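Data block below; observations after.
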Amino acid sequence: MMKKTDLLLGILVTGIWGANFSVIKLGLDTLDPFLLTSIRFALCAIPLIFFIKKPNVRLSIIALYGFLFGVGLWGVVNLGIYWGLSAGLASLILQFSAFFTIVLAALIFGEKISKFQIAGISVALTGLILILTVTGGNVSKVGAALVIFGALCWSSCNIIVRKNKPENMLAFIVWSSLFSAIPLFLITYLVKGSQPFYSLPQTINNTAIFSILFQSYITTIFGYWVWNSLMKKYPVSSVAPLSLFVPVSGLITSWLIFDEHIGMGKIIAALLILFGMAIFLYAKSIDGYFRSRVTNPCLINEEM
């Protein structure tokens with residue numbers, strides 16, 4: 001049973017992650033998406049990297065994680081939001097990483113996927129298709145596709161962590177952030193040239209600074225430190241369901257900050273995704289419940 005303080009910390013982190021999508025959108029009002037993300041990870045790495053010892057993982061693994069996490073996940077997600085996907089919907093779609101992680105674990109580690117997990121994926125996919133139909137416009141669909149790709153990269157990061165099991169997760173986050181920032185700066189220069197860098201002093205404002213600091217220290221360093229600490233301390237089945245609060249927080253925050261319209265279509269789609277995730281995450285408990293009813297038919301008669 002999770003301690004009350006740990007449970008509250010887990011809910012706080014997932015709430016922060018949901019709000020982070022709106023914070024990203026605030027920064028994108030004035031900054032280039034890749035430059036915003038590169039500054040975020042640069043601050044995660046420097047100056048902490050000079051005071052924290054390298055984690056007990058090969059440098060190549062740290063670099064791979066950093067590239068996938070910084071460029072493949074957040075660089076691409078920021079680009080999706082920049083190209084028209086709302087912050088609330090981005091927070092919903094990114095949660096497909098939970099499904100991708102299980103599928104990758106089945107392929108790489110030979111873990112089995114139960115029929116209830118497949119049912120959960122099917123329900124959530126139905127919600128995703130509905131989201132794509134109610135957003136309207138090609139720009140939103142492109143943004144959704146980018147966030148799905150980001151979810152796949154996040155799942156790959158989860159597999160890397162699971163396989164290598166860094167002892168000091170804070171050190172792993174700090175060191176990998178260096179390998180997120182460097183390629184993001186290069187991508188910014190190759191795509192946009194030197195213009196974003198030269199215009200930074202004129203375009204950056206208090207809102208952008210708040211967005212960068214929030215993403216660097218609250219979302220990344222604090223958030224992932226707490227989350228991975230909980231993953232070490234408790235079974236995955238006890239911690240993972242807390243992520244269901246991320247899209248809820250994302251939609252609420254987007255509504256509060258940007259007055260995002262949450263019509264009936266989005267509500268139904270969100271409920272389908274959340275319901276599918278709930279089935280997926282609690283698949284073992286659901287399967288155990290039905291198995292107990294099959295093996296002990298007396299329980300059914302007693303309930304009646």
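A short reminder: the numbers here are calculations on the coordinates, not readings from a lab. Keep in mind that what you see is a predicted model, and the values were worked out from it rather than measured. Note: ideal-geometry Cβ built from the backbone for every residue, glycine included; neighbour counts use all protein chains shown.
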Name the lysines eligible as straight-distance cross-link partners of Lys53: C-alpha to C-alpha under 22 Å, and not fewer than 8 places from it in the same chain.
Lys163, Lys165, Lys232
Quick one: what Rg and Dmax do you get for the chain from the alpha carbons, in Å?
20.1, 75
Unit charges on C-beta of K, R, D, E only; dipole of the chain, Debye
780
Can you tell me the orientation of helix 115-135 relative to the chain, as the angle in degrees between its alpha-carbon axis and the longest Cα principal axis, to the nearest 10?
50
Each residue of segment 209-222 in turn: what ³J(HN,Hα) in whole Hz from Karplus with 6.51, -1.76, 1.60 and θ = phi - 60°, glycine and Pro shown as x?
4, 4, 4, 5, 5, 4, 5, 6, 9, 8, 6, 7, 5, 5
From the P(r) of segment 197-239, could you give the percentage of C-alpha pairs in the tail past 17 Å?
52
Using Cα atoms only, what is the angle between the long axis of helix 264-281 and the major principal axis of the chain, expressed in degrees (0 to 90) to the nearest 10?
70
For peptides 95-101, 123-129, sequence by mean Cβ density within 10 Å, most packed first:
95-101, 123-129
To test your reading of the geometry: what angle, between 0 and 90 degrees and rounded to tens, separates the Cα axis of helix 169-192 from the longest principal axis of the chain?
60
Ile11-Ser285 pseudo-label distance in nm [points 7 Å out on the Cα-to-Cβ vector]
1.5
Looking only at Met231, Met264, Met277, which one moves most when the chain is put into a Gaussian network model with springs between Cα atoms under 10 Å?
Met264
In nm, give the distance between the simple-model label positions of Phe275 and Thr126, each being 7 Å from the Cα along the Cα-to-Cβ direction.
0.7
In whole µm²/s, the translational diffusion coefficient that Stokes-Einstein assigns to segment 65-206, given a Kirkwood hydrodynamic radius over C-alpha pairs, 25 °C and 0.890 mPa s, equals 145
By the gyration tensor of its Cα atoms, with a ≥ b ≥ c the square roots of the eigenvalues, what is the shape of segment 125-220: rounded for a/c under 1.5, prolate for a/b over b/c, or oblate?
oblate
Looking only at Leu28, Leu73, Leu256, which one moves most when the chain is put into a Gaussian network model with springs between Cα atoms under 10 Å?
Leu256
Using the Cα atoms as the points, what is the convex hull volume per residue of segment 137-184 in Å³?
79
Before anything else, pin down the relative contact order of segment 42-162: Cα pairs under 8 Å, at least 6 apart, normalised by residue count, whole percent.
47
Label points 7 Å out from Cα along the Cβ direction at Lys3 and Leu190: separation in nm?
4.6
Residues of segment 209-227 with backbone N under 18 Å of the label point set 7 Å from the Cα of Ile257 along Cα→Cβ are 209-224
Work out the FRET efficiency for Phe51 and Phe222 from their Cβ-Cβ distance, taking R0 = 25 Å, and round it to the nearest 0.05.
0.90
Among 29-40, 59-70, the order from most to least packed when residues are scored by Cβ within 10 Å on average
29-40, 59-70
